[in-house]
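Okay, so here's the structure we're looking at.
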Amino acid sequence: MSPLWGPVAWMTGVGAAAWACWSVLSPEPVNPEIGLGLLGPLVGADVSWVLMVRASAVGGEHLMKTMMRLLGAKVLLFGVYTVVMLRVMDVRPALFVVSFAGFFIALHVMEAVFLRRLLTQGARPPRG
């Protein structure tokens, strides 16, 4: 699995599968709220993963600075995204907030697992 695109594929695939299952198995219509609740966290997780992998190639200090910048950007952008969805798009608040929070947590847990794997593999001495 590529350290750059493998995790992006996993996060995107798991998110899409969860959205599809939720959409099909729900007794009442749940879209577009569930899809929009996935979209923000998925884009945030995928973009931040690509930036973190590139930063880790430069070094640990650069990775930490990148992660701090990403945290600030996510706070700002997710705040704006949530306001736009709730005020402008006029989605059903309960469905959107539950799906947004659930996908946000799940995708960031996945991102943390992938980051741990990336950092521990990079710390291993070469075989030979």
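Just so it is clear, none of the values below were taken in a lab; they were calculated from the coordinates. These numbers were taken from a predicted model, which means no experiment stands behind them. Positions of Cβ are generated from backbone atoms using ideal geometry, with glycine treated the same way; all protein chains shown enter the neighbour counts.
Descriptive notes on the structure:
Yes/no per residue for (1) over 21 Å from Val8 (Cα atoms); (2) surrounded by fewer than 11 Cβ atoms within 10 Å (Cβ to Cβ):
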{"site": "Leu63", "(1), (2)": "no, no"}
{"site": "Leu70", "(1), (2)": "no, no"}
{"site": "Lys74", "(1), (2)": "no, no"}
{"site": "Leu95", "(1), (2)": "yes, no"}
{"site": "Ser99", "(1), (2)": "no, no"}
{"site": "Phe114", "(1), (2)": "no, no"}
{"site": "Gln121", "(1), (2)": "no, yes"}
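- Scanning the range 3-51 for residues that are assigned to a helix (DSSP H, G or I), out of contact with any helix residue (DSSP H, G or I) (no Cβ under 9 Å at 6 or more places or on another chain) and farther than 16 Å from Glu111 by Cα turns up Ala17, Ala20, Cys21, Val24, Leu25.
- Considering the conditions (1) under 17 Å from the mean Cα position of the chain (by Cα); (2) within 25 Å of Gly13 (Cα to Cα), Ser56 is excluded by exactly one of them, (1).
- Unmet criterion (only one of (1) surrounded by 11 or more Cβ atoms within 10 Å (Cβ to Cβ); (2) out of contact with any helix residue (DSSP H, G or I) (no Cβ under 9 Å at 6 or more places or on another chain)) for Thr82: (2)
- Residue tally, condition of a type in the set (Val, Ile, Thr) and outside any helix (DSSP H, G or I), over the range 52-70: 0
- Scanning the range 7-19 for residues that are surrounded by 12 or more Cβ atoms within 10 Å (Cβ to Cβ) and either within 18 Å of Ala101 (Cβ to Cβ) or of a type outside the set (Phe, Trp, Tyr) (or both) yields Pro7, Val8, Ala9, Met11, Thr12, Val14, Gly15, Ala16, Ala18, Trp19.
- Figure legend. Inter-residue proximity from the range 58-78: first residues farther than 22 Å from Arg116 by Cβ, second residues hydrophobic (A, V, I, L, M, F, W, C), beta-carbon distance below 8 Å, spacing 6+ or different chains. Indicated pairs: Phe78/Phe104.
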